[in-house]
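Below is one structure, written out as structure tokens; comments come after it.
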Amino acid sequence: MSELFIKQELFKLLPSLDGVLFDVDGVLLDVTQSFRAAICDTVQHYAVHQLEIESNYPLLTPEETEFFKFAGGFNDDWDLTNAAVMLIVAKLAQTDARDAKSIHEMAPTWRDYT
């Protein structure tokens, strides 16, 4: 039989619950934007901490992730994240700039790339 793990502070609330609802397929709640935000946060974190880019501007916005989705081949969010980081690395090879705003505005843009 499986075990159920409950945070200790929530355990005292169990008697007052009428039910528990699990939305495992995203039908009840639209989580699309949270995935896009996670992609952007991951790209930004990697760029700042691994590529030493100054974080003065978002390198990728949730709206810009749409360009990848429309281009096709980027249904997997990890593939999209890796492609975004690769484009940033390619831009870094062409410039001495290390601030996010300059790199974001460099050609090719997200729209050009996808």
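The values are calculated or read from the model by the stated rules, or taken from the named source; none is laboratory data. All values derive from a computational prediction rather than experimental measurement. FYI the Cβ positions are ideal-geometry reconstructions off the backbone, even for glycines, and counts take in every protein chain you see.
Whenever a residue of the range 84-99 is among the hydrophobic types (A, V, I, L, M, F, W, C), its partners that are surrounded by 13 or more Cβ atoms within 10 Å (Cβ to Cβ) and part of a loop (DSSP other than H, G, I, E, B), lying with C-beta atoms within less than 6 angstrom and at least six residues away or across chains, give the pairs ALA84/LEU60.
Do we have PHE11 as of a type in the set (Phe, Trp, Tyr) and surrounded by 14 or more Cβ atoms within 10 Å (Cβ to Cβ) here? For PHE11, the condition - of a type in the set (Phe, Trp, Tyr) and surrounded by 14 or more Cβ atoms within 10 Å (Cβ to Cβ) - is not met. Across the range 30-42, the number of residues qualifying as surrounded by 10 or more Cβ atoms within 10 Å (Cβ to Cβ) and not in a helix (DSSP H, G or I) comes to 1. If you filter the range 93-114 down to residues that are exposed (fewer than 11 other Cβ atoms within 10 Å of the Cβ) and among the aliphatic types (A, V, I, L, M), you find that the one that is nearest to GLU54 (Cα to Cα) is ALA93.
When PHE22 is tested against (1) among the aromatic types (Phe, Trp, Tyr); (2) farther than 14 Å from TYR113 by Cβ; (3) in a helix (DSSP H, G or I), only condition (3) is not met. GLU52 falls short on exactly one of the conditions (1) in a helix (DSSP H, G or I); (2) in contact (Cβ under 8 Å) with a residue 24 or more places away in the chain; (3) over 19 Å from THR109 (Cβ atoms), and that condition is (1).
Per-residue answers, yes or no, for (1) touching an Asp or Glu at 6+ places or on another chain (Cβ under 8 Å); (2) modelled with pLDDT of 95 or more; (3) crowded, with 17+ Cβ neighbours inside 10 Å; (4) over 12 Å from THR114 (Cβ atoms):
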residue: PRO58; (1), (2), (3), (4): no, yes, no, yes
residue: GLU63; (1), (2), (3), (4): no, no, no, yes
residue: GLU66; (1), (2), (3), (4): no, no, no, no
residue: PHE70; (1), (2), (3), (4): no, no, no, no
residue: ASP77; (1), (2), (3), (4): no, no, no, yes
residue: VAL89; (1), (2), (3), (4): no, yes, no, yes
